[in-house]
Amino acid sequence: MKDYLNLSRMNFEMSKSQIDFISKVDNSCRNLRKFEEESYLLEKFNEKLIPEFNKIGMLGCPISKQYGGLGYDMLTYLLSIERIGEEGSSIRTFLSAHTSIGQLVLQNWGNEEQNKEYLTNTTNGKSIMGFALTEPEAGSDPASLVTEYEDCGTYFVLRGKKHWIGNGTFAKIITTYAREKGTNKISAFIVEMDSQNIETIEMKNKMGLLTVKNAEIFFNNCIIPKKNLIGLKGQGLNIAYSALIDGRLSVAAGSIGVMQDCLNEVVTYSKSRKQHGSVIAKKQLIQHHISQIAISIETSKWLVYRAGCARQKLHEYLIEFKTNNKTWISKLNRDNEIYKKLRFEADRLAAIAKFHATNTAFDCANRSIQIFGSAGYKKTSRVAKHFLDTRATTIYEGTNEVLELKIASAILGNDYSSY
Ligand SMILES: Cc1cc2nc3c(=O)[nH]c(=O)nc-3n(C[C@H](O)[C@H](O)[C@H](O)COP(=O)(O)OP(=O)(O)OC[C@H]3O[C@@H](n4cnc5c(N)ncnc54)[C@H](O)[C@@H]3O)c2cc1C
């Protein structure tokens, strides 16, 4: 067995294949830019997105080749998400919902039959995924969720309401989380969205993220086949929290892209805009904003890549554990010190990366609007779009307040957990 607990082992060096893939992502992003900008103004999903990303395999980037994915490691996936983040957090949010909190839940926790049946069609774009945890009365405290399931012997019946679900208007498959009637166990399920007794309503009037679609989802006595339980009964929150590690990493990586795009925009603009006799790039207070953006990019990169390496180690350990233990799902948490340590570290570092990168991305978008002056205060300005979009990133995938509490309790110990 590898030395998984050597937590300082990191390698940010990319192979030729990784570099080639990121350059394909870059090319796709260039192809998508014009359509994304048009779609954003029309508040429409960008119809070119799925075919364009499907062409290069981006819809299954970190998913095993066995299920049609490219099988890339976490760092390569995060670097591609970073590049995609430059095109805006809407595109990135679509991918976070499809891959980070969508496909990866199945890859990590699903059994072979579930993965063959469901995952394979998600890597070729035939089936888009989503993750439905949040409820009107259970947001930053998912443990208080009230969506209920009943075990009816040969099937489950699901009742309840979820909201804000990314890709929820068109996803073919989602994972959802519900409490068992009479037992209080929270469990995770795969739901086929074309099943009977499911209603979805698009959530309108969002302040940003205008090309990604969010939905309210109503389960009105929806029947779920027994085979669609993920993991064991009662493991639902554990599964959801593990998905959020991946979700946070993708939000953090996308935030670096946002900051990079802001930097590109302000450098070009400040070198051309003249006031008080010279270009504003020569003014010290403008340079202060520019240096702050550059510092935020570099500090966030370190946190995201380091957290990505910790997550990759957890992934590699899981693969080895699954291969060696047929009943891995019941054994995983039980006294497994290596798993606990690796997960704790990945969780802690992802929380720090997401907290820092999203706060700095919002700050950078704000500074960028300031550099543009009135030209930045327009719906058509890229920096204005980043400003509106990044506002959501400190709220979803764990609010930054809850992440702060999580970071503190990782230091103080669970006895001091205040959330
Ligand atoms: C654009 C967008 C996309 C989303 N996509 C998805 C999705 O795909 N799937 C999904 O399941 N959910 C999704 N969500 C939901 C998101 O995860 C929740 O909004 C988030 O968890 C916060 O829940 P809430 O909005 O109910 O806020 P609340 O939980 O009501 O929190 C309100 C405020 O109180 C603070 N707070 C709460 N508890 C504490 C505490 N103990 N100490 C200090 N402060 C506290 C919070 O940090 C926040 O500032 C999305 C949300 C948005 C805005």
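FYI, it's all coordinate maths here, none of it is from the lab. This is a predicted model, so every value here is computed, not measured. Using ideal geometry, Cβ is built from the backbone for each residue, glycine included, and neighbour counts are taken over all protein chains shown.
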Mean Cα-pair separation over length for the chain, i.e. relative contact order, pairs under 8 Å, 6 or more apart, %:
17 percent
With a 28 Å threshold on alpha-carbon distance, the violating pairs from LYS204/LYS406; LYS55/LYS172; LYS24/LYS385; LYS233/LYS301; LYS378/LYS406; LYS172/LYS233 are LYS204/LYS406; LYS233/LYS301; LYS378/LYS406
Say each of GLU43 and LYS283 gets a label point 7 Å from the Cα, pointing the same way as Cα to Cβ; how far apart are those two points in nm?
3.4 nm
Give the angle, between 0 and 90 degrees and rounded to the nearest 10, that separates the Cα long axis of helix 74-85 from the longest principal axis of the Cα atoms of the chain.
50 degrees
What percent of all Cα-Cα pairs in segment 31-155 falls into each 10 Å bin, going from 0 up to the bin containing the maximum distance?
12, 36, 31, 18, 3, 0
Divide the volume of the convex hull of the Cα atoms of segment 170-215 by its number of residues and quote the answer in cubic angstrom per residue.
112 Å³
If the convex hull of the alpha-carbon atoms of segment 236-416 is projected onto planes in all directions, what is the mean projected area in square nanometres?
12.4 nm²
Cβ-based exposure ranking for GLU401, GLU192, GLU86, in which fewest neighbours within 10 Å come first
GLU401, GLU192, GLU86
Measuring from centroid to centroid over Cα atoms, what is the spacing of segment 342-389 and segment 86-156 in Å?
25 Å
Place a label point 7 angstrom from the Cα of LYS204 along the Cα-to-Cβ direction, then list the residues of segment 17-58 whose backbone nitrogen is under 16 Å away.
42-45
To check you understand DSSP bridge types, tell me what percent of the beta bridges within the chain (both residues inside) are antiparallel, rounded to 5.
85 percent
Alpha-carbon Rg/Rh ratio, for segment 130-230, with Rh computed the Kirkwood way:
0.97
Report, to two decimal places, the Cα Rg of the chain normalised by 2.2 N^0.38 Å (N = number of residues).
0.98
